[in-house]
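Step one of this worksheet: look at the structure below.
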Amino acid sequence: MKMFRFNRLAKAVVLAWTILLGAGLANAQRDDDDDKKTPQTPPGLYITPMALHDAVLQDLNPGLTKYPNFVAGEAVKTVVSPDDKTLAILTAGMNSLIDSTGLAADTAASTQFLFLYDISDANKTKPALRQVIQQLNAHVGLVWSPDGQMLYAAGGCDDAVYAYKSNGGSFVLNTKISLGHAPGGCVSNTVNRTGLGLGVEPNASGPAISADGKTLVVANNYNDSISVNAELQVPALGI
């Protein structure tokens with residue numbers, strides 16, 4: 001009787017392991033139609049468990065002379081130009097670099113970065129880096145003007161929006177639009193701690209632009225407000 005119970009238990013264990021092993025192998029196999037089987041999210045997009053077919057991974061290396069192997073961190077926003085030919089990527093991470101002495105930060109290199117890639121024609125499947133712009137500070141926010149001639153990047157604790165203009169072959173800083181909450185920009189002092197809460201500095205984020213390209217709106221996410229600029233050439237007013 002005891003032997004019968006043992007065999008019965010052993011069979012149950014073996015059966016359970018067989019089921020688990022079979023399920024594991026089934027899940028491990030990659031089906032070419034995996035993307036089609038992935039549930040669709042409410043916005044109509046799909047989340048794939050692995051990289052998409054033919055995906056290309058490229059490091060965000062800004063090509064700094066002193067730091068040729070440096071890869072910028074925290075790509076927070078990507079936007080494609082209205083003509084679908086240029087991909088812009090903005091970083092907003094801890095991109096701090098130490099100078100050759102090993103004792104101090106290299107402030108000239110310790111910035112955020114705006115990467116511009118050519119994604120036209122053959123470059124659609126393998127973006128080609130065309131330009132890198134250093135920006136002092138940044139946050140989650142990047143938007144093209146409707147005509148694709150201007151690119152607006154959130155300045156984060158600089159309490160500003162950086163406006164870049166196309167000169168035909170590249171983009172250059174056209175103007176820095178101050179939002180008026182922190183005159184000194186990203187400087188840790190009592191004058192600039194005008195955000196909500198103790199010792200909180202303002203932070204410009206999430207710019208958006210009107211369809212006619214005449215009005216820019218910026219979120220002041222540490223002030224529970226927005227700034228509206230109807231001229232795009234003069235300082236905006238916080239509301």
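Details
- Extension gain, Lys214 back to Ala108 (0.36 nm per residue minus Cα-Cα distance, nm): 34.8 nm
- Between the amide H of Gly156 and those of His139, Ala204, distances stay under 5 Å, these residues lying 5 or more places away or on another chain, with hydrogens modeled in the peptide plane.
- Amide H contacts under 5 Å for Ala109, placed H, 5+ residues apart: none
- A simple spin-label model places the labels of Glu74 and Asp118 3.2 nm from each other, with each point 7 Å out along Cα-to-Cβ.
- Over 28 Å between alpha carbons, listed pairs Lys77/Lys214; Lys126/Lys176; Lys126/Lys214; Lys124/Lys214; Lys66/Lys124: Lys126/Lys176; Lys126/Lys214; Lys124/Lys214; Lys66/Lys124
- Region 65-120 - percent of accessible surface contributed by carbon and sulfur, probe 1.4 Å: 54
- Placed amide H near Val200: partners under 5 Å, 5+ positions off or other chain: Gly195
- Derived scalar couplings ³J(HN,Hα) [region 49-54; Karplus, 6.51 cos²θ - 1.76 cosθ + 1.60; whole Hz; x for Gly, Pro]: x, 10, 4, 5, 4, 6
The values are calculated or read from the model by the stated rules, or taken from the named source; none is laboratory data. Note that this is a predicted model, so its numbers are computed, not measured. For neighbour counting, all protein chains shown are included, and Cβ atoms are generated from backbone atoms with ideal geometry for every residue, glycine included. We work out accessible area using only protein heavy atoms, side chains counted, and drop any ligands, DNA or RNA first. Shrake-Rupley method; radii C 1.70, N 1.55, O 1.52, S 1.80 Å.
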